[in-house]
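The values are calculated or read from the model by the stated rules, or taken from the named source; none is laboratory data. Treat the numbers as computed from the prediction; the structure is a model and nothing was measured. Here the Cβ positions follow ideal geometry from the backbone for every residue, glycine too, while neighbour counts run over all protein chains shown. Areas reflect the complete protein model, heavy atoms only, side chains present, ligands, DNA and RNA absent. Shrake-Rupley method; radii C 1.70, N 1.55, O 1.52, S 1.80 Å.
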Amino acid sequence: MVYGLARRELRPKVPLRPGEGEKDHLTSLEGLAALSLDALSSVAYGPEAIVLALVVAGSGALTATLPVTLAITCLLAALVVSYAQVIAVHPDGGGAYAVAKKDLGGTVASLLAAASLVVDYVLTVAVSLAAGADALASAFPALAHDKLLVCLAGLALLTAVNLRGVTESARVLMLPTVLFIVAIVGVIVVGLFRAHPAAVVGTAQPAPAQEALGLLLILKAFSSGCSALTGVEVIANAVPTFRTPRVRRAQRTEFMLGALLGLMLVGLAVLIRRDQVAPRANVTILAQLTAGAYGDGWAYYATNLMVTLVLLLAANTSFGGLPVLMSLLARDHRLPHLFALRAERPVYRYGVVALALLAAALLIATDANTHRLIPLFAIGVFIGFTISQLGLVRHWATQKPDGWKHRAAINGTGAVLTTLAGLVLLVTKFLAGAWVVVIAVPLMMLLFARIQRYYTEVGKELELGRVPAPPDRRTASLVIVPLGEVSKLARHAIGAALALGDEVVAVAVQADPDKRRTLREAWDRWDPGVRLDIIDSPHRSLVQPIVSYVQRAAQDGRQIAVLIPEVEPRHRRYEILQNQRGLLLATVLRARTDVVVCMLPYRLRV
């Protein structure tokens with residue numbers, strides 16, 4: 001959810017003029033384009049989630065859409081103000097994981113933040129793709145039964161692009177962001193000026209009242225609509241990517257995002273209430289409002305395609321965020337260290353693949369149903385909200401700068417509101433799927449903790465950070481070379497072995513007496529100055545006789561190395577034609593002995 005990676009600033013010999021060297025950083029408008037898509041695109045599914053929660057009380061209950069949306073907008077305002085404080089205190093990036101480590105100090109808080117962020121990133125991809133498929137199906141109903149396939153195709157496209165290391169540019173994102181904002185604001189303005197909808201799309205569905213409109217139902221609608229608040233924290237995570245003055249630009253961007261998102265949410269809610277827009281088959285609520293404002297002509301199709309594109313781009317933000325988070329966790333020894341590896345592009349490819357696999361599994365498990373994903377979505381987000389606010393309260397209480405009580409009150413209020421909203425989400429959505437997050441987050445925390453414990457124990461075993469004892473000086477070394485026959489490959493392997501060890505011995509396994517005799521005669525004619533031991537193998541096994549030979553040779557305390565020659569074809573398509581027994585032998589030797597195992601490639605020219 002961050003725009004690229006903060007670039008390493010090189011200190012020049014000559015002082016930079018004001019603004020020089022900042023071209024790669026973001027202005028406020030560019031930051032809005034690059035960092036707000038996750039939040040702004042939530043208008044495609046947030047209002048609809050409210051409507052679906054209220055309609056169980058009958059179409060008359062849809063009048064509560066506006067009050068619920070206003071409550072969500074008030075929470076949005078509190079979050080925006082609170083995250084403006086986070087930006088000021090953490091100009092190096094105020095992600096929940098970094099805040100938990102720095103300000104809250106406890107291991108549990110940072111593990112909770114990390115687990116909730118992983119859930120958030122994965123669900124951002126799944127929900128954005130599912131909502132994008134819904135928008136596409138609204139314009140092209142023939143795709144309504146293939147939404148899972150559309151989502152998986154979009155996920156494959158995003159994965160392929162990110163594996164190649166193609167990063168998004170704020171200038172590229174600015175056009176679709178502006179067009180999306182103009183389209184949604186146009187839906188609101190044109191819709192309000194119309195006395196009645198210009199067109200009606202979708203098939204009407206009966207909406208009988210199944211329960212009364214009470215406090216519990218309103219809370220359910222509120223918790224569902226809170227999915228529209230996801231993404232407001234992204235700007236605070238990416239302060240270093242802004243031009244100087246970074247804090248002021250990031251805060252300005254945060255306020256612009258809050259104003260735009262609040263305006264769109266309230267405007268759409270007014271239209272839903274006025275026109276009593278209820279769910280209809282094969283179209284989204286936003287598609288109905290679009291048809292009501294623009295009709296069902298080209299503008300309707302263009303808007304739905306724009307919504308699909310923006311949701312696809314919103315899903316792509318996670319491919320910039322989760323791999324970076326996983327690399328940080330790997331550096332903290334809470335994930336396997338391979339997640340910290342970067343390709344030359346640079347890309348955290350293991351993180352990209354992990355995100356793609358998790359999102360694909362989630363889409364398949366839910367059949368790409370947006371409304372089955374939303375109950376899972378906002379809980380992880382609100383955990384991050386609360387941790388960030390509590391961390392800032394702790395910061396103010398510890399540092400005690402001028403006016404710290406006022407600032408702590410702002411963040412404390414934000415923490416209370418996000419905690420209450422998170423509890424409402426958990427209680428009202430528990431049976432609808434929130435229980436999955438309740439199980440997944442602690443399991444991930446346990447996984448991170450166990451991995452960290454493993455690395456700690458390995459560090460103790462290897463005495464990392466300590467000066468080791470002098471190395472053992474062994475009197476002699478032995479290099480064992482497994483061979484099959486006398487050939488140019490044998491010459492290549494014996495030559496390399498003679499350069500490595502004090503003593504070299506070639507080992508061959510033969511079950512046929514005639515072949516043993518032929519091999520011995522060929523070896524004697526060649527006479528490379530190296531002893532050849534031929535092992536009899538009645539059961540025609542190759543690996544076990546050599547492993548037993550190596551184990552016996554290692555009993556005298558010498559340093560043993562096994563040099564395994566391996567033929568490498570010029571083209572990958574021929575690899576399947578080569579004998580893979582060398583790899584098998586190396587695997588077994590590493591598992592059963594402590595000798596040095598080396599693979600010696602011989603690259604073919606044909």
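Annotation: amide H of GLN559 within the under-5 Å range of ALA476, LEU478, sequence separation 5 or more or interchain, hydrogens built in the peptide plane. The protection proxy used here, the mean number of other Cβ atoms lying within 10 Å of each residue, ranks peptides 223-231, 456-464, 287-295, 353-361 as follows, highest first: 223-231, 287-295, 353-361, 456-464. A dipole drawn for the chain from +1 and -1 charges on Cβ atoms has a positive end, and of ALA434, ALA139, ILE480 the residue lying farthest that way is ILE480. Distance from the C-alpha centroid of region 257-286 to that of region 490-540: 80 Å, rounded to the whole angstrom. When peptides 488-494, 312-318, 423-429 are ranked by their average number of other Cβ atoms within 10 Å per residue, the highest-first order is 312-318, 423-429, 488-494.
About its Cα centre, the dipole of region 500-595 is roughly 380 debye, where the only charges are +1 on Lys and Arg Cβ and -1 on Asp and Glu Cβ.
Considering only LEU584, GLN544, ALA506, the residue lying farthest towards the positive end of the dipole of region 460-606 is LEU584, judged by Cα position with unit charges set on Cβ. Structure note, pairs LYS101/LYS429; LYS147/LYS220; LYS488/LYS515: Cα-Cα distances above 24 angstrom occur for LYS101/LYS429; LYS147/LYS220.
Only four residue types carry charge here, +1 at the Cβ of Lys and Arg and -1 at the Cβ of Asp and Glu. Report the dipole size of the chain about the Cα centre in Debye, rounded to the nearest 20.
1020
Of the peptides 413-420, 124-131, the ranking by mean beta-carbon count within 10 Å, highest at the top, reads 124-131, 413-420.
Here P(r) over Cα pairs in 20 Å bins from 0, in percent was computed from the coordinates, and among (1) 17, 40, 23, 16, 3, 0; (2) 22, 57, 20, 1; (3) 19, 54, 25, 2, 0 the match is (1). Between LEU163 and ARG516, the C-beta separation translates, for a Förster distance of 45 Å, into a calculated FRET efficiency of about 0.35. Taken one residue at a time, the phi angles of region 109-119 give Karplus couplings (6.51, -1.76, 1.60, θ = phi - 60°) of 5, 5, 5, 5, 4, 4, 5, 5, 5, 4, 4 Hz. Gly and Pro are set to x. Ordering VAL172, CYS226, VAL187 by Cα displacement along the dipole of the chain toward the positive end leaves VAL172 in first place; charges were set at the Cβ atoms of Lys, Arg (+1) and Asp, Glu (-1).
For the pair LEU143 and GLU211, the difference between a 0.36 nm per residue extended length and the Cα-Cα distance amounts to 21.2 nm.
Work out the FRET efficiency for LEU305 and LEU443 from their Cβ-Cβ distance, taking R0 = 45 Å, and round it to the nearest 0.05. My answer for the efficiency is 0.70. Sequentially through region 499-508, phi angles give Karplus couplings (6.51, -1.76, 1.60; θ = phi - 60°) of 7, 9, x, 6, 10, 10, 9, 8, 10, 10 Hz, Gly and Pro residues having no value and appearing as x. Note the angle between two axes, namely the Cα long axis of helix 404-428 and the longest principal axis of the Cα atoms of the chain, as a number of degrees from 0 to 90, rounded to the nearest 10. On a 0 to 90 degree scale, this one is about 80. For region 382-399, putting each phi into the Karplus relation 6.51 cos²θ - 1.76 cosθ + 1.60 with θ = phi - 60° gives couplings of 6, 4, x, 3, 5, 4, 4, 5, 5, x, 6, 4, 4, 4, 4, 5, 7, 7 Hz, in residue order, rounded to whole numbers and with x for Gly and Pro.
Could you give the length gained on full extension between ARG372 and VAL182, defined as 0.36 nm per residue of separation minus the Cα-Cα distance, in nm? Could you put the intermediate results ahead of the total?
Details: separation 190, 0.36 × 190 = 68.40 nm, distance 2.95 nm.
Stretched out fully, the ARG372 to VAL182 stretch lengthens by 65.5 nm.
Rounded to the nearest 20, the Cβ-based charge dipole of region 41-172 about its Cα centre (Lys and Arg +1, Asp and Glu -1) stands at 180 debye.
Full extension of the chain between MET174 and CYS598 yields a length gain of 147.4 nm, computed as 0.36 nm times the residue separation minus the alpha carbon distance. In the chain, the longest principal axis of the Cα atoms and the axis of helix 435-462 are about 30 degrees apart. Accessible surface area normalised per residue over the chain is 49 Å², counting heavy atoms of protein chains with a 1.4 Å rolling probe.
The amide H of GLU568, built 1.01 Å from its N in the peptide plane, has TYR602, ARG603, LEU604 as neighbours under 5 Å, considering only residues 5 or more places off or on other chains.
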